[in-house]
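Step one of this worksheet: look at the structure below.
The values are calculated or read from the model by the stated rules, or taken from the named source; none is laboratory data. As the structure is a prediction and not an experimental result, all values here were calculated from the model. All Cβ positions, glycine included, derive from the backbone under ideal geometry; neighbour counts span all protein chains shown.
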Amino acid sequence: MAEEKITGLTQSEVDQRVKNGQVNKAVDDQFKTNAQIVRENIFTYFNLIFLVLAILLVLVGAWNDLTFLPVIVLNTVIGIVQEIKAKKILSKLNVMNATHVTAIRNGQEVQVAIEELVVDDIVLLKTGDQIPADGKIVSGEIRVNEALLTGESDEITKEKDAELMSGSFVVSGKAYAKLEKVGKDSYISKLTIEAKAMGSTEQSEMVRSINRLVKWVGIIIIPLGIALFTQSYFFNHAGLQRSVVSMEAALIGMIPEGLYLLTTIALALSATRLAKKEVMLHDMKSVETLARVNVLCVDKTGTITEPKMGVEKAVKSKSYEKADLNNVIADFVHYMPADNATMKAIHEFFQDSTGKESTGLVPFTSVNKYSGVVFGDHTTIIGAPEMVLRNQFDEYKDEFESYAEKGYRVVIVANYPGVLTEDNSQLMQDVEVLGYILLTNPIRKEAKDTFEYFAEQGVNIKVISGDNPVTVARVAQQAGISGADKYIDAQTITDYDEAVKNYNVFGRVKPDQKRKFVIALQNQGNTVAMTGDGVNDILAMKKADCSIAMLPAIARLFKLLKLFCLILTLLKCRPL
């Protein structure tokens, strides 16, 4: 479809789709209403017991003996307020940052709010835009970063008829896309709705134990209360009021309403204390749940390490005898735009260009995994070793694999004996290897102390990452994580239960595998905490006993972990 022929929907077509409910607005039907929350907190078995006892006292006029009611009312009010507050917090959860996009309607470009887009709308996507709904490209070409959804930071080229997922970002290019799945049907909305879901069975062990105790006490006191009343009224010939009061005095002492209230208050105060430290809890019971955690699952990039990449140094190949490797790289970056994290890091480190003139560029693509700058009759290339070397890989792998084992990310610098172009970028001849650029993500300053504390508390750390398992293991060792030498490529795993038992570091993990790891750990009786910073982590985090969602400032993770360490100390208990 030619760009000039794109007219988009007419207003009548838009109105018809709005009438049919085909609008890009997610339906949060998983939320309880405030009335439901109030009913569920008032009409409990615990409250029923005290309601019956209160009615009996009112019937006999023993008003002075209703002093237990404020405790019950306060406990109920705290539960209602906390759950409504959690609902309000979750209702603000939104993975879509964009508010308006450019749509083509009646042949004109107009700004439309993302919640007003409809099925079959044609939208214009350009650099920096977030894709508002699932669709397909009808014209143009863009490069898309789907890291928020998949966990993979690679930029993917999308051409005509390519599928687009809502929530991903346009890195470069320009294209027109037709929206096919909007609102609750889109990929991002389904995950967001699941992230917002509030499970009614999520309770801490303390609260669950108290509820179980109240249940059995409630059953026992029925025949016991009848027996006590019978003895007092019929055998001891006491009056009705005295018999009811004495019976209830005995029964109320058996019900731990004070313990119930103190538990609720303690958890609420803990949640308030964390809130003052900029830590937001989904549920106040999360405090007690964390104290029972004995396995913490973390990612490498952005969690153990800083979320930025830096160049450690450049290393010459054994076959390259000249001493100008740094100048070669500086000449390269002088012409190559810093349009991804790797190139930004290289730009910052290599700045002493010789002024050598270039005659062309070959931009990086996710297919080639390298970029090039043409100098005269050759092209200088920087990219992934396996893609640049091809059939020369075995010849050079011993030179750079040792660096990968030390935790570095390695990109190769080479000269190709020919002129490459954007349209003709395939490598057909062998390259001259000049050297290697060693990149790394700096270990967070707080990481080592935090992980050492968890080791003292008996908390096992599992590192789950999409990177090379050798690299992840080395970084985990530098961060002081116990058992970091036990690593495995997740793509080779067939038995997850056996894998989580024998290994602590998992590399090349796909998003759908994270949930399997959590389930396997829980099957072995562990209480699992899961950290996450992307939509791809949602399913695993919802399955975990305790999930820790990172804010945009990921550095706050370690502030959160340290606060949890403090809570463990205050509770004076080790995780079970």
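Structure notes:
- From Gly466, Gly458, Gly507, residue being small (Gly, Ala, Ser) and at positive phi: Gly458
- Cβ separations smaller than 8 Å between residues 6+ apart or across chains give the following pairs from region 326-337 residues that are assigned by TED's automatic domain parsing to the domain that holds Val433 to residues that are among the acidic types (Asp, Glu) and surrounded by fewer than 20 Cβ atoms within 10 Å (Cβ to Cβ): Asn326/Asp352; Asn327/Asp352; Ala330/Asp352.
- Entry remark, region 345-377: residues being of a type in the set (Ser, Thr, Tyr) and not in a loop (DSSP other than H, G, I, E, B) number 2 in total.
- Filter result for Arg292 (touching a Pro at 6+ places or on another chain (Cβ under 6 Å) and either within 29 Å of Thr76 (Cβ to Cβ) or modelled with pLDDT under 70 (or both)): yes
- Residues of region 54-72 satisfying the condition of being in contact with a Leu (Cβ under 7 Å, 6 or more places away or on another chain) and buried (at least 16 other Cβ atoms within 10 Å of the Cβ): Ala54, Leu57, Val60, Asp65
- Pair list, Cβ under 7 Å, 6 or more apart: region 471-497 residue touching a residue at least 24 places away in the same chain (Cβ under 8 Å), other residue of a type in the set (Lys, Arg) and surrounded by 22 or more Cβ atoms within 10 Å (Cβ to Cβ): Val472/Lys300; Val475/Lys300
- Of the candidates Phe517, Phe558, the single residue that is aromatic (Phe, Trp, Tyr) and at pLDDT below 85 is Phe558.
- Of all residues in region 305-343, those satisfying the criterion of being among the charged types (D, E, K, R) and surrounded by fewer than 17 Cβ atoms within 10 Å (Cβ to Cβ) are Lys308, Lys313, Lys318, Glu321, Lys322, Asp324, Asp339.
- Put simply, of Asp489, Asp430 the only residue that is assigned by TED's automatic domain parsing to the domain that holds Thr342, surrounded by fewer than 16 Cβ atoms within 10 Å (Cβ to Cβ) and not basic (Lys, Arg) is Asp430.
- In this structure, Lys158 does satisfy being at pLDDT 85 or above and outside the structural domain of Pro337 (by TED's automatic domain parsing).
- Within region 14-32, residues that are more than 30 Å from Val81 (Cα to Cα) and part of a helix (DSSP H, G or I) have Cβ atoms under 9 Å from residues that are charged (D, E, K, R) and modelled with pLDDT of 85 or more in these pairs: Val14/Arg105; Val14/Glu116; Val14/Asp121; Arg17/Asp120; Arg17/Asp121; Val18/Glu116, counting only partners at least 6 apart in sequence or on another chain.
- Checked against (1) at pLDDT 75 or above; (2) surrounded by 14 or more Cβ atoms within 10 Å (Cβ to Cβ), Ser204 passes all but a single condition, namely (1).
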